[in-house]
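Participant: Structure provided below as structure tokens; questions to follow.
The values are calculated or read from the model by the stated rules, or taken from the named source; none is laboratory data. This one's a predicted model, so the numbers in the text were calculated from it and none came from an experiment. Positions of Cβ are backbone-derived with ideal geometry, glycine not excepted, and every protein chain shown enters the neighbour counts. Only protein heavy atoms, including side chains, enter the accessible area calculation; ligands, DNA and RNA are left aside. Shrake-Rupley method; radii C 1.70, N 1.55, O 1.52, S 1.80 Å.
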Amino acid sequence: MRELRVLRYFLAVAQEESISRAAELLHITQPTLSRQLMELEEELGKRLFLRGGRKMILTEEGMFLRKRAQEIVALADRTSAEFRTSSEDVSGDVHIGGGETRGMRFIAEAARMLKAVHPHVSYHLFSGNAAEVMERLDSGLVDFGVFIEPADLSRYDYIRLPVRDRWGVLMRKDSPLAAKQSLNPGDVASLPLLCSRQTLVFNEISGWLGKGFDGMNVVATYNLLYNASILVEEGMGYALCLDGIVRCGDGPLCFRPLDPPLEVGLAVAWKKYQIFSRAAEKFLEMLQKNRTDAHAVMSGPTS
């Protein structure tokens, strides 16, 4: 399809920042590539590159198109791969997006078990906050999203996982608070905090503290914890986070849970009326089976 080919040309130039390098990569002539880019700009009525010196620099409109082009090309490639998959063999790709949570171990277990039965299924993970995962779910770039509650999943079908995460504080081991087994609102209220930037998380934490966001001493926000943990190591403050994401062990950090406990549920969601590939369909079946088995174990034997 011509439109997809032109988008691939555009992405190659955006990546290489050079017509000549992109043309070499694409195995086409420089004049052909230049003409295709000019026609694309004329069609859109926008300038996509600033042509100065040896570099091709994206304009603001070009950066917007790059994001959309990446999504369109990725979705087209996924669709083509699914059509090439044999109707008898279960193979192909399963795309999963999610935030940082120990609940990913439940996802990993289902993936491992399905891989043992259908070894030609591959998995692709995207890590991001709830808004980013929902955007990819809505655009078809991921099959499933793993969400930490509270999350508004009214637009999706979903199942809740039989695991829960608990909130606490990641801190340096030399902090005076590290001597405590858990932290109450009085311990946390005046601390310099690093918090998740998700609004619903702010609401949850401020409710536990008994004060509004304006009353919290937030020195930084984060969307994924690893970089925030480095700020904690450097003495920037204390990270409010979920347990088990950063493994402390012999390192300089430790985790202390909140008291009274603040726990959150986890859910796996997908688009309503979703038509799955065979690989994604089998993954969901395995996920549901493991969830049913886990509920049976937690319920214990019945008389």
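Participant: Confirm whether residue 12 is of a type in the set (Gly, Ala, Ser), in contact with an Asp or Glu (Cβ under 6 Å, 6 or more places away or on another chain) and assigned to a helix (DSSP H, G or I).
Facilitator: Values: of a type in the set (Gly, Ala, Ser): yes; in contact with an Asp or Glu (Cβ under 6 Å, 6 or more places away or on another chain): no; assigned to a helix (DSSP H, G or I): yes.
When the stated conditions are applied, residue 12 does not pass them.
Participant: State which residue is farthest from residue 281 (Cα to Cα) when the search covers only the stretch 139-149 and only residues that are at pLDDT 90 or above and not aromatic (Phe, Trp, Tyr). Give the steps one after another, and end with the answer.
Facilitator: First, the residues of the stretch 139-149 that are at pLDDT 90 or above: 142-147.
Among the residues that remain, those that are also not aromatic (Phe, Trp, Tyr) are: 142-143, 145-146.
Details: 142: 13, 143: 10, 145: 14, 146: 16 Å.
For the stretch 139-149, the residue satisfying everything is 146.
Participant: Moving on. So, of the residues in the stretch 59-84 that are closer than 24 Å to residue 38 by Cβ and among the acidic types (Asp, Glu), which turns out to be modelled with the lowest pLDDT? Explain how you work it out, then say what you get.
Facilitator: Looking only at the stretch 59-84, we keep the residues that are closer than 24 Å to residue 38 by Cβ, and these are 59-73, 76.
With the extra rule that they be among the acidic types (Asp, Glu), the set shrinks to 60-61, 71.
Details: 60: 90, 61: 90, 71: 81.
Among those that are closer than 24 Å to residue 38 by Cβ and among the acidic types (Asp, Glu), it is 71.
Participant: Here's something else I'd like to know. Can you name the residue in the stretch 155-200 that is in contact with a helix residue (DSSP H, G or I) (Cβ under 9 Å, 6 or more places away or on another chain), aliphatic (A, V, I, L, M) and surrounded by fewer than 17 Cβ atoms within 10 Å (Cβ to Cβ) and is also nearest to residue 101 (Cα to Cα) among such residues?
Facilitator: 163
Participant: I would also like to ask the following. In the stretch 153-188, what residues are charged (D, E, K, R) and closer than 30 Å to residue 77 by Cα?
Facilitator: In the first step, residues of the stretch 153-188 are kept if they are charged (D, E, K, R); the result is 155, 157, 160, 164-166, 172-174, 180, 187.
155, 157, listed by residue number.
Participant: Name the residues in the stretch 143-152 that are open to solvent by less than 10 Å² (accessible area, probe 1.4 Å) and either aliphatic (A, V, I, L, M) or in contact with a Ser or Thr (Cβ under 8 Å, 6 or more places away or on another chain) (or both), would you? Quick ask: steps written out before the conclusion?
Facilitator: Here is the first cut: in the stretch 143-152, the ones open to solvent by less than 10 Å² (accessible area, probe 1.4 Å) are 143-147.
Listed by number, the residues that qualify are 143, 146.
Participant: Within the stretch 98-116, how many residues are touching a residue at least 24 places away in the same chain (Cβ under 8 Å), surrounded by fewer than 18 Cβ atoms within 10 Å (Cβ to Cβ) and not basic (Lys, Arg)?
Facilitator: Total satisfying the criteria: 2.
Participant: Given the stretch 19-138, what helices (runs of 4 or more DSSP H) lie entirely inside it while holding 3 or more residues that are under 30 Å from residue 287 (Cα atoms)?
Facilitator: Working: elements: 19-26, 30-44, 60-84, 104-117, 130-138.
Helices (runs of 4 or more DSSP H) meeting the threshold: 60-84, 104-117, 130-138.
Participant: Any residue at all in the stretch 203-222 that is under 25 Å from the mean Cα position of the chain (by Cα) and touching a residue at least 60 places away in the same chain (Cβ under 8 Å)?
Facilitator: Checking the stretch 203-222: at least one residue is under 25 Å from the mean Cα position of the chain (by Cα) and touching a residue at least 60 places away in the same chain (Cβ under 8 Å).
Participant: Out of everything in the stretch 241-298 that is among the polar types (S, T, N, Q) and touching a residue at least 24 places away in the same chain (Cβ under 8 Å), what residue ends up being farthest from residue 203 (Cα to Cα)?
Facilitator: Of all residues in the stretch 241-298, those among the polar types (S, T, N, Q) come to 274, 277, 288, 290, 292.
Imposing the further condition that a residue be touching a residue at least 24 places away in the same chain (Cβ under 8 Å) reduces the set to 274, 277, 288, 290.
On the way: 274: 32, 277: 37, 288: 31, 290: 32 Å.
Checking each candidate, the answer is 277.
Participant: For residues in the stretch 198-247 being touching an Asp or Glu at 6+ places or on another chain (Cβ under 7 Å) and at pLDDT 85 or above, which is farthest from residue 188 (Cα to Cα)? If you could, list the steps in order and put the result at the bottom.
Facilitator: Of the stretch 198-247, the ones touching an Asp or Glu at 6+ places or on another chain (Cβ under 7 Å) are 224-225, 242-243, 245.
Those left that are additionally at pLDDT 85 or above: 225, 242-243, 245.
Working: 225: 19, 242: 15, 243: 16, 245: 20 Å.
Here the residue is 245.
Participant: Right, another one. Give the residue, chosen from 215, 244, that is of a type in the set (Gly, Ala, Ser) and exposed (fewer than 13 other Cβ atoms within 10 Å of the Cβ).
Facilitator: Details: 244 fails: exposed (fewer than 13 other Cβ atoms within 10 Å of the Cβ).
Exactly one of 215, 244 is of a type in the set (Gly, Ala, Ser) and exposed (fewer than 13 other Cβ atoms within 10 Å of the Cβ), namely 215.
Participant: Could you figure out which of (1) in a loop (DSSP other than H, G, I, E, B); (2) under 16 Å from residue 270 (Cα atoms); (3) more than 18 Å from the chain's Cα centre (by Cα) isn't true of residue 157?
Facilitator: Among (1) in a loop (DSSP other than H, G, I, E, B); (2) under 16 Å from residue 270 (Cα atoms); (3) more than 18 Å from the chain's Cα centre (by Cα), residue 157 violates only (1).
Participant: Answer with yes or no whether residue 250 is at pLDDT below 90, open to solvent by 20 Å² or more (accessible area, probe 1.4 Å) and either assigned to a loop (DSSP other than H, G, I, E, B) or of a type in the set (A, V, I, L, M) (or both). I'd like the intermediate steps shown before the answer.
Facilitator: Working: at pLDDT below 90: yes; open to solvent by 20 Å² or more (accessible area, probe 1.4 Å): yes; either assigned to a loop (DSSP other than H, G, I, E, B) or of a type in the set (A, V, I, L, M) (or both): yes.
Taking the combined requirement at face value, the residue satisfies it.
Participant: Name the residue, out of 187, 165, that is part of a helix (DSSP H, G or I) and among the charged types (D, E, K, R). Before the answer, list the steps.
Facilitator: Numbers: 165 fails: part of a helix (DSSP H, G or I).
One residue alone meets the criteria, 187.
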